[in-house]
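Since the structure comes first, as structure tokens, the remarks are kept for the end.
The values are calculated or read from the model by the stated rules, or taken from the named source; none is laboratory data. Note that the structure is predicted; figures quoted are calculated from it, not measured. Positions of Cβ are generated from backbone atoms using ideal geometry, with glycine treated the same way; all protein chains shown enter the neighbour counts. The accessibility values were calculated without ligands, DNA or RNA, using every heavy atom of the protein model including side chains. Shrake-Rupley method; radii C 1.70, N 1.55, O 1.52, S 1.80 Å.
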Amino acid sequence: MAGHILIVDDDPHIREVIGFAAEKSGFTTTFVEDGLAAVSAVRVDKPDLVVLDIGLPEMDGLEVCREIRKTSDLPILFLTARDDEIDRIVGLEIGGDDYVTKPFSPRELVARIKAILKRTQPVAIRSDRRFCRGDLEIDLNRHACVLAGETIALTASEFSLLETLMERPENVISRQRLIDAVYGANIHVSDRTIDSHIRNIRNKLTQAGCHDSIVTVHGVGLRMGACRSV
């Protein structure tokens, strides 16, 4: 899987470790040390994915993510050395696709990068790659989500989750099945990560006028609601 990865970390050792692992897997890499440089590099170099440390000088990783999300749905994988889970959850809620906590396994990090990029790859054009539910439609060929004519901006992870639910909208799907569908069976992802992505999808659709998009069936999983806009 080819691709260009922007690695943003102020620790040269971390940059070297990630760069070696990414390049060994066939990726090209660009490195920057601070948040302001990261925002500029995204605009100039147009990477396929950003590996973004939260604890950065000049502008922290959360602010970098907010700035990127103003104009782009570029996949973002957060790095954090902090024990406080709130930073990781906030990162997902403002548009991050995934996170890895330091110290990390380079192999796991590359596996997560590949999983995210796989979700952004265009699919072969087929007439049936579109799912509709009420006023909500997702088109896999265009990687587009539309509610009553309004385009909804989703991250790669959010789109993949919604796609999994929309394939069988009447079925209740467990969180573990959602994790496996989005991340793959060999990557550990917490329920809180999935819950953060689901909350983001709900919030975006609610803001667009749909208040019954995804239903939680307590103790079982999630399914699609009626998806009617008001």
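Key figures
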quantity	calculated
Protein accessible area in the stretch 1-106, 1.4 Å probe - carbon and sulfur %	51
Accessible-area order (highest first, 1.4 angstrom probe) of the listed residues Arg15, Arg202	Arg202, Arg15
Cα-projected label distance for Ala226 with Asp139, points at 7 Å along beta-carbon direction, nm	2.7
Within the stretch 116-206, percent of DSSP bridges classed antiparallel, to nearest 5	100
Cut-off under 5 Å, modelled amide H: who pairs with Val215 long-range	Arg223, Met224, Gly225
Ranking by accessible area, most exposed first, for Glu67, Glu170, Glu163 with a 1.4 Å probe	Glu170, Glu67, Glu163
Cα pair count fraction exceeding 30 Å, expressed as % - the chain	23
For Phe78, residues with placed amide H under 5 Å, excluding near neighbours	Leu52, Asp97, Asp98, Tyr99, Val100
Most positive-pole-ward Cα, Val64, Val32, Gly225, against dipole of the chain from beta carbon charges	Gly225
Within the stretch 18-174: Cβ-based charge dipole about Cα centre, in debye rounded to nearest 20 (Lys, Arg +1; Asp, Glu -1)	680
Accessible solvent surface per residue of the stretch 88-230, calculated while the other protein chains remain in place, 1.4 angstrom probe, Å²	48
Val230, Val44, Val51, reordered so the largest accessible area comes first (probe 1.4 Å)	Val230, Val44, Val51
J(HN,Hα) series, the stretch 47-56, from Karplus relation 6.51 cos²θ - 1.76 cosθ + 1.60, nearest Hz, glycine and proline x	x, 8, 7, 10, 8, 10, 6, 6, x, 10
Net length gained if the chain between Ser40 and Thr101 were fully extended (0.36 nm per residue, minus Cα distance)	19.5 nm
Extension gain, Ala148 back to Asp11 (0.36 nm per residue minus Cα-Cα distance, nm)	44.7 nm
Potential lengthening between Asp191 and His218 on full extension [0.36 nm per residue; Cα-Cα distance subtracted]	8.4 nm
Per residue solvent-accessible surface (Å²) - the stretch 1-71, probe of 1.4 Å	49
The stretch 1-122: radius of gyration and largest Cα-Cα distance (Dmax), Å	12.8, 36
Antiparallel DSSP beta bridges within the stretch 22-141, percent to nearest 5	35
Entries of Lys70/Lys102; Lys46/Lys114; Lys70/Lys204; Lys114/Lys204; Lys102/Lys204; Lys24/Lys46 with Cα pairs more than 23 Å apart	Lys70/Lys102; Lys114/Lys204; Lys102/Lys204
